[in-house]
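Okay, structure first, notes after.
The values are calculated or read from the model by the stated rules, or taken from the named source; none is laboratory data. What you are looking at is a predicted structure, and each value in this text was computed from that prediction instead of being measured. Here the Cβ is made from the backbone with ideal geometry for all residues, glycine too, and neighbour counts use every protein chain on show.
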Amino acid sequence: MSFGRAGHQKATQVARNAGWRGEAEPEARRDEARTARYETGGLGRDSLLSQALARANLVMAWKRVKANRGSAGVDGKSIAETAEHLKTHWPGIREALLDGSYRPWPVRRVQIPKPDGGMRELGIPTVADRLIQQALLQVLQPIIDPTFSEHSYGFRPGRRARDAVLMAQRHVQDGYRMVVDVDLEKFFDRVNHDILMERLSRRIDDKAVLRLIRLYLVAGIMDGGVVSERYEGTPQGGPLSPLLANVLLDEVDRELERRGHRFVRYADDCNVYVRSGRSGERVLEGLRKLYDRLHLKVNEAKTAVAPATGRKFLGYRLWRGAGGRIKCAVARKALETFKQRIRELTRRSGGRNLPEVAERLRAYMPGWKAYFQLAQTPKVFRELDKWIRHRLRAMQLKHWRRGTTMYRELLALGASEADARKVAANSRSWWHNSRLLLNRAMPVAYFDRLGVPRLS
């Protein structure tokens with residue numbers, strides 16, 4: 001796709017100040033002392049918007065949008081259809097962005113299930129708006145991200161969830177055995193636009209970019225063909241949302257740092273580690289006030305001061321091993337979510353054969369295993385592997401259906417005649433037969449040859 005020949009200007013990085021000094025210092029002055037502010041003049045070649053719309057930056061943004069795939073927005077255009085559309089319409093869109101007349105499309109409301117059984121609401125922008133947001137992100141992130149707290153890990157370059165989990169593990173190992181586990185109620189839906197824009201304007205001074213970001217914030221939401229206005233929130237689904245969330249929540253991070261607390265934050269999940277329950281209650285009360293100042297609400301039903309080994313964080317839980325060593329394990333809900341997905345992939349009524357199911361397992365299991373590679377529970381993974389093979393054997397028996405077919409196929413696999421006859425005689429006992437008798441005819445090596453992944 002061609003975006004014209006506008007020159008690319010690399011965003012200038014800015015230094016981060018050392019931090020807040022003194023409790024009596026006014027809030028705005030404290031923030032100014034620690035946060036560098038990127039300033040540009042007008043809409044010249046050095047403006048952030050011009051840098052975002054430079055050809056090289058747009059090409060990079062388009063590659064990222066394509067790689068992320070995703071569904072169409074309210075305009076109904078797929079990635080391929082948007083590419084064709086932009087070939088002829090991009091010059092006009094670019095001009096509208098530069099002169100301030102561009103208006104983003106409403107986002108399309110989508111709900112997806114959460115691991116805990118609730119629903120998460122997403123707002124899917126059009127592909128063209130995802131491109132523009134991604135282009136902005138690539139220019140803004142190198143400027144803003146270095147100003148964030150080192151205790152923030154979510155949606156930041158070079159930082160992953162595993163880094164946050166390891167830091168949490170270290171805090172607990174160091175004796176901070178209680179955790180203030182704060183859950184914010186519908187955080188992305190309740191971000192106050194005025195507060196967010198004021199905090200963002202402390203970091204960048206480019207009126208065109210700030211105006212465009214506000215337009216994205218107030219773009220409507222389409223649900224069932226009806227567009228409703230939006231007065232708060234930054235819906236998950238757009239490339240800019242995670243960065244904007246970090247801009248807002250960095251204020252809480254800095255206050256926790258000033259007070260000397262040990263904490264880890266990943267997006268809107270914040271855990272503060274303390275030595276006692278009494279200290280935890282004091283911290284929680286302070287956090288309520290901080291979040292209230294940002295017009296955010298703590299979900300009291302899911303927030304707690306509790307032993308760190310009894311709470312989950314980013315799908316993990318911590319446990320105490322031999323010698324008092326703090327170790328990582330997969331949280332119970334994450335395990336159940338995994339098992340439910342395996343059940344869906346290995347349904348006996350699915351009509352798929354083993355090679356097809358093995359292919360689907362290869363598409364899912366390695367990614368899950370990679371995410372939970374910090375788990376120090378080899379027995380749990382061995383048991384999961386046995387359970388998956390058990391399900392696959394039962395699925396194969398159901399696929400053969402008739403006793404005579406089972407007898408013939410098992411003999412072909414090298415089963416003894418006695419075992420084949422026992423299975424054929426109880427041809428409807430798929431689960432029972434797959435537990436013992438099929439272990440010899442379909443051992444671990446059989447599934448290895450099929451390419452079924454292992455967790456252990």
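Quick check: anything in the range 402-411 within 17 Å of R348 (Cβ to Cβ) and among the aromatic types (F, W, Y)? No, there is no match, as no residue in the range 402-411 is within 17 Å of R348 (Cβ to Cβ) and among the aromatic types (F, W, Y). I'm told I195 meets every condition in (1) more than 25 Å from Y273 (Cβ to Cβ); (2) under 15 Å from the mean Cα position of the chain (by Cα); (3) modelled with pLDDT of 95 or more except one. Can you identify the failing condition by its number? Failed condition: (2). In the set R352, R317, only one residue is free of Cβ contacts under 8 Å to residues at least 40 places away in the same chain, assigned to a loop (DSSP other than H, G, I, E, B) and not acidic (D, E); that residue is R352. Taken over the range 405-456, the residue count meeting the criterion of being of a type outside the set (A, V, I, L, M, F, W, C), at pLDDT below 75 and in a helix (DSSP H, G or I) is 4.
When residues in the range 51-86 are screened for being touching a residue at least 60 places away in the same chain (Cβ under 8 Å) and touching a strand residue (DSSP E or B) at 6+ places or on another chain (Cβ under 8 Å), 2 of them pass. Across the range 225-260, the qualifying residues are those that are surrounded by fewer than 22 Cβ atoms within 10 Å (Cβ to Cβ) and polar (S, T, N, Q), and the one among them that is farthest from R293 (Cα to Cα) is S228. Pairs linking a residue in the range 87-111 that is under 18 Å from G76 (Cα atoms) to a residue that is at pLDDT 95 or above and loosely packed, with under 15 Cβ neighbours inside 10 Å, with Cβ atoms under 7 Å and 6 or more positions apart or on different chains, are R103/L215; P104/L215.
Of the residues L249, L256, L284, which is closer than 14 Å to F188 by Cβ and modelled with pLDDT of 95 or more?
Details: L256 fails: closer than 14 Å to F188 by Cβ; L284 fails: closer than 14 Å to F188 by Cβ.
Matching residue, one of L249, L256, L284: L249.
Checked against (1) crowded, with 18+ Cβ neighbours inside 10 Å; (2) under 30 Å from the mean Cα position of the chain (by Cα), W400 passes all but condition (2). Being of a type in the set (F, W, Y) and outside any strand (DSSP E or B) is the requirement here; does Y291 meet it? For Y291, the condition - of a type in the set (F, W, Y) and outside any strand (DSSP E or B) - is met.
Yes/no per residue for (1) more than 15 Å from A219 (Cβ to Cβ); (2) crowded, with 20+ Cβ neighbours inside 10 Å; (3) of a type in the set (S, T, Y); (4) more than 27 Å from the chain's Cα centre (by Cα):
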| site | (1), (2), (3), (4) |
| --- | --- |
| K63 | yes, no, no, no |
| N68 | yes, no, no, no |
| D75 | no, no, no, no |
| I79 | yes, no, no, no |
| G92 | yes, no, no, yes |
| E95 | yes, no, no, yes |
| I124 | no, yes, no, no |
| Q133 | no, yes, no, no |
| L136 | no, yes, no, no |
